[in-house]
1. Determine whether residue 198 is assigned by TED's automatic domain parsing to the domain that holds residue 236 and surrounded by 13 or more Cβ atoms within 10 Å (Cβ to Cβ).
2. Can you tell me which residue among 439, 459 is more than 25 Å from residue 26 (Cα to Cα) and without any contact (Cβ under 8 Å) to a residue 12 or more places away in the chain?
3. Is there a residue being within 30 Å of residue 25 (Cα to Cα) and not assigned by TED's automatic domain parsing to the domain that holds residue 43 anywhere in the range 179-188?
4. What about residue 209, is it without any contact (Cβ under 8 Å) to a residue 60 or more places away in the chain and part of a strand (DSSP E or B)?
5. Counting only residues that are at pLDDT below 85 and over 20 Å from residue 309 (Cβ atoms), which one in the range 349-372 is nearest to the chain's Cα centre (by Cα)?
6. Let me spell it out: the conditions are (1) in contact (Cβ under 8 Å) with a residue 24 or more places away in the chain; (2) under 30 Å from residue 52 (Cβ atoms), and residue 96 meets all of them except one. Which number is the exception?
7. Given the structure, is residue 303 within 14 Å of residue 380 (Cα to Cα) and loosely packed, with under 15 Cβ neighbours inside 10 Å?
8. Taking into account only those residues within the range 129-174 that are of a type outside the set (A, V, I, L, M, F, W, C) and touching a helix residue (DSSP H, G or I) at 6+ places or on another chain (Cβ under 7 Å), which is surrounded by the fewest Cβ atoms within 10 Å (Cβ to Cβ)?
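The values are calculated or read from the model by the stated rules, or taken from the named source; none is laboratory data. Predicted, not measured: the structure shown is a model, and the values here were computed from it. Every residue, glycine among them, receives a Cβ derived from its backbone with ideal geometry; neighbour counts consider all protein chains shown.
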Amino acid sequence: MFEGKVVSHIEDPGSTVSQVVEAVSDIALLVAADGRIREVHLGSSFGSEEASAWHGQAWASTVTPSTRQKVQELLDEARESGSSRSRQVNHRMPSGQEVAVGYTAVRLGDSGSVLAIGQSMEAVSRLQRQLVDAQQQMERDYWHLRQVETRYRLLFRLSSEAVVMVQADSLEVLDANPAAAEVLGLDVSDLVGDRFPVERIGVEGEGLDEFLRTLREQGTAPGVTLSVDGGREWLFKGSLVRQESGDAYLIHLFPEEAGGDASNVDSTHTSTPSLLRVLQAMPDGFLVTDTAGEILHANAAFLDITQESSLEAVRGRSLSEWLARPGADLTVLMGNLKRYGVIRLFPTQINGAMGSDVDVEVSAVYLEDEPEPCCGVLIRHVGRRVAKPVRGLEDLTTAVEEMTRLLGSVTLRKLVRETVAMVERHFIEAALELTGDNRTAASELLGLSRQSLYTKLKRYDIDSPSSGSSG
């Protein structure tokens with residue numbers, strides 16, 4: 001009697017049991033005692049599939065050979081104990097698509113019929129694939145950096161030119177090659193980590209203090225002739241290297257007799273016309289904008305990316321005209337640029353004038369000290385690069401795995417509801433973080449109305465610390 005009622009309710013689309021099955025499953029199968037499928041329910045995730053194609057087929061024949069044993073285990077366990085543990089099988093859908101599905105089977109009465117309730121595992125599988133891609137990309141980046149560092153160390157040590165890197169504030173020697181240590185009369189181990197040996201250097205002409213001050217203010221300085229320990233004279237030339245850990249001086253020492261030729265080997269000096277030519281010929285897009293994002297200058301690569309014909313065609317227009325999310329992207333970019341002074345590897349898309357969509361990374365710097373503040377923007381085409389790791393992906397995957405462990409103790413419907421809520425909360429928080437807690441920009445990123453975003457913020461008890469200025 002129990003079996004007959006359940007079967008009849010499942011066959012009746014309007015019944016309560018049918019509605020429950022449809023609500024908690026992406027796929028539901030009624031399997032007869034002989035293992036053949038009698039009824040099929042496909043949820044909205046598989047709305048384009050033809051369910052009737054499976055009627056009368058053996059359940060095991062609809063999955064890949066490697067997971068057929070799991071189908072038999074689901075049936076055997078359900079018939080023996082009433083219900084089975086969850087197992088993942090790979091279905092071959094009627095359209096030919098292969099889909100991972102997590103099944104739990106329940107016995108219906110004593111006739112051997114089984115109700116198999118399945119949940120699509122494509123979201124989890126996709127996250128797993130992205131995690132693997134992210135790990136592989138990180139591994140490649142790590143070894144690339146190791147190789148770059150090894151080459152740098154080898155060239156630095158073997159160079160016949162004396163080179164010293166000095167911390168700008170404390171004059172601590174950050175690095176020095178053997179040629180520089182020999183000039184200064186010290187071992188490399190004694191030189192690195194100690195203060196630059198100013199007391200060993202005698203001055204002829206301009207002083208060392210003036211040389212370092214000019215380096216600090218202008219980034220480069222004219223060569224100054226200095227003697228070391230009252231002996232041989234050396235021509236000191238240098239440049240300022242800006243880095244997150246603090247500015248540093250890169251100082252080259254040339255023998256004085258080579259002073260007349262030193263300018264020929266000085267790689268730190270580049271004339272303004274040469275610099276402009278380099279920027280114009282760069283393979284990455286480069287442009288200068290005002291603080292509102294209007295373009296003042298752009299190179300040929302940027303014109304190629306945007307499919308524009310000339311500089312005149314883009315000058316005076318807002319960068320937002322080519323961004324995939326015009327309001328959100330430019331708001332986030334300029335807001336963080338003014339706040340932090342620099343932006344690195346900001347991901348977005350450029351929509352070309354001829355209809356192309358290009359994945360790009362944007363790095364930019366904000367020059368506030370200029371007579372008219374402006375922004376330098378570098379745009380790199382990354383369409384052929386392996387997909388970047390998703391921020392917070394590992395935490396999200398771990399959370400999904402934790403939810404999976406609750407199978408058996410919590411109903412599937414509740415698991416699905418809580419998992420959807422967890423993922424939705426994650427992306428709302430990520431959007432708020434990316435936009436600097438600007439709710440208007442976050443709603444545009446998420447494709448929601450502001451009212452919908454406020455409703456979800458209240459539902460998930462998400463408090464934005466900067467909500468007062470979010471607009």
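1. The answer is no for residue 198.
2. Going through 439, 459 in turn, the sole match is 459.
3. Within the range 179-188, not a single residue is within 30 Å of residue 25 (Cα to Cα) and not assigned by TED's automatic domain parsing to the domain that holds residue 43.
4. It is false that residue 209 is without any contact (Cβ under 8 Å) to a residue 60 or more places away in the chain and part of a strand (DSSP E or B).
5. Only one residue fits best here, namely 368.
6. (1)
7. no
8. Per the criteria, the residue is 160.
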